[in-house]
1. If the chain between Gln93 and Ser165 were fully stretched, how many nm would it gain, using 0.36 nm times the residue separation less the Cα-Cα distance?
2. Considering region 73-154, what Rg and Dmax in Å follow from its alpha-carbon atoms?
3. Let me check something: with ligands and nucleic acids excluded, how do Trp41, Trp36 order by accessible area (1.4 Å probe), largest to smallest?
4. In the neighborhood of Asp70, defined by Cβ-to-Cβ distances under 15 Å, what is the net charge if each Lys or Arg adds +1 and each Asp or Glu adds -1?
Amino acid sequence: MQENLVYSNVLLEQKSKDGENPQATLIELAYLAGLWDGEGWIGVGKQTRKGEYRYGAVDYQARMILVNTDTNIINAAVKILDNLHISARISTQHDGDIKHAIRYNIEINKKDSIKKLCELLIPFLYGKRSKAELMIRFIDAKLKRNKSNHPLTDEEISLAEQLRSLNRKE
């Protein structure tokens, strides 16, 4: 029993830009990974860009989403993400039926935050490990191109389509 207590106090530390040390225990990361395995989504959204020189160009947006109806679970996940300095957008959904609970969504859209979270969760993921690994490769490919007004590379398209394929229901 003592071993578990010591293990739960092991901290992962990373220096942030402002000098603070965001911290999460290994147990918190495992908890978050379990939530993402069961209630989360790791993937890309396909979108058509509109604009002066990009009208009609297709792009892929990296996203991680966690959905749950329990505010205690959502609050715990948000606290862990805050400790890691990972910003997320929180929203609610309700279909209007009083028999159905309100769904709370945690959405992460920034490439650097998604990559960081995937890297931290991979050791604890089971069902979504391959998606997280593909996501890191996709983000690295996007960052390598580094220009939003340049066409997508074949590598980016291939990785995005692989992610989309993994998320299709069978």
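The values are calculated or read from the model by the stated rules, or taken from the named source; none is laboratory data. Quantities reported herein were computed from a predicted structural model and do not represent experimental measurements. Cβ coordinates were reconstructed from backbone atoms using ideal geometry, including for glycine residues, and neighbour counts include every protein chain displayed. What goes into the accessible areas is simple: the full protein's heavy atoms, side chains included, and nothing from ligands, DNA or RNA. Shrake-Rupley method; radii C 1.70, N 1.55, O 1.52, S 1.80 Å.
1. 23.4 nm
2. Final numbers for Rg and Dmax: 16.0, 48 Å.
3. Working: Trp41 80, Trp36 0 Å².
Ranking Trp41, Trp36 by accessible area, largest first, yields Trp41, Trp36.
4. Numbers: positive: Lys79, Arg103; negative: Glu39.
Taking every Cβ under 15 Å from that of Asp70, the sum is +1.
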